[in-house]
1. For the stretch 128-153, name all the residues that are more than 17 Å from the chain's Cα centre (by Cα) and crowded, with 22+ Cβ neighbours inside 10 Å.
2. Residue check: is residue 109 out of contact with any helix residue (DSSP H, G or I) (no Cβ under 9 Å at 6 or more places or on another chain), within 30 Å of residue 124 (Cβ to Cβ) and surrounded by 13 or more Cβ atoms within 10 Å (Cβ to Cβ)?
3. Check the stretch 35-58 and report whether any residue there is more than 19 Å from the chain's Cα centre (by Cα), assigned to a helix (DSSP H, G or I) and over 30 Å from residue 151 (Cβ atoms).
4. As an exercise: evaluate residue 125 against (1) under 27 Å from residue 38 (Cα atoms); (2) at pLDDT 95 or above and give the number of the one condition it does not meet.
5. Scan the stretch 95-106 residue by residue and report those that are surrounded by fewer than 17 Cβ atoms within 10 Å (Cβ to Cβ) and under 17 Å from residue 129 (Cα atoms).
6. Exactly one condition in (1) surrounded by fewer than 17 Cβ atoms within 10 Å (Cβ to Cβ); (2) under 17 Å from the mean Cα position of the chain (by Cα); (3) within 19 Å of residue 96 (Cα to Cα); (4) at pLDDT 95 or above is false for residue 172; which is it?
7. Out of the residues in the stretch 61-80 that are assigned to a helix (DSSP H, G or I) and without any contact (Cβ under 8 Å) to a residue 12 or more places away in the chain, which is farthest from residue 170 (Cα to Cα)?
8. Hand me the list of strands (runs of 3 or more DSSP E) wholly inside the stretch 119-177 holding 1 or more residues that are in contact with a helix residue (DSSP H, G or I) (Cβ under 9 Å, 6 or more places away or on another chain) and either touching a residue at least 60 places away in the same chain (Cβ under 8 Å) or under 24 Å from residue 79 (Cβ atoms) (or both).
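The values are calculated or read from the model by the stated rules, or taken from the named source; none is laboratory data. Because the structure is a prediction, the values reported are computed rather than measured. All Cβ positions, even for glycine, are placed from backbone atoms using ideal geometry, and neighbour counts span all protein chains on display.
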């Protein structure tokens, strides 16, 4: 699902629609829907007056790669980096997010990650706090827990949880070997 408004602050319902399109996993194919594929398009907003990306080549490329892999069984890279593990380290006030499905990640921005330390009140999107990436390794980013949350229990971490989460082709995390494959939005509740 691409974007509806040219607004990187608004959250709206789009993040939840994207999440539930994947049955709460964050990507397809997955164990719930093993023979399904789609293209991540939330980084392709290029027209302030239209919900549909004008760059059909990018969407087509992503769908073609996925089709070759899922429908035809070809060994091609078709997913961007997929979160495989999330490790909260209270001692260092950091969260390590490790990716799979790629051989490396390209970090284009330290932004896009948020944490919430307000318990069950975290259903209120306004309580999530920006948490920048402080370190990047081959397949792992380390997110710094903001000072406001350091003495509290971390409820969850999320990535690109906005209706329009980034500017054109500027999602924070992409595949290192295929720079046209972004990591999809992600939500982890601890």
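1. Once the filter is applied, which keeps residues that are more than 17 Å from the chain's Cα centre (by Cα) and crowded, with 22+ Cβ neighbours inside 10 Å, the stretch 128-153 yields only 145.
2. yes
3. yes
4. Against the list (1) under 27 Å from residue 38 (Cα atoms); (2) at pLDDT 95 or above, residue 125 comes up short only on (2).
5. Within the stretch 95-106, just 96 meets the criteria.
6. Here residue 172 clears every test but (1).
7. Top of the filtered list is 68.
8. Here the list reads 156-159.
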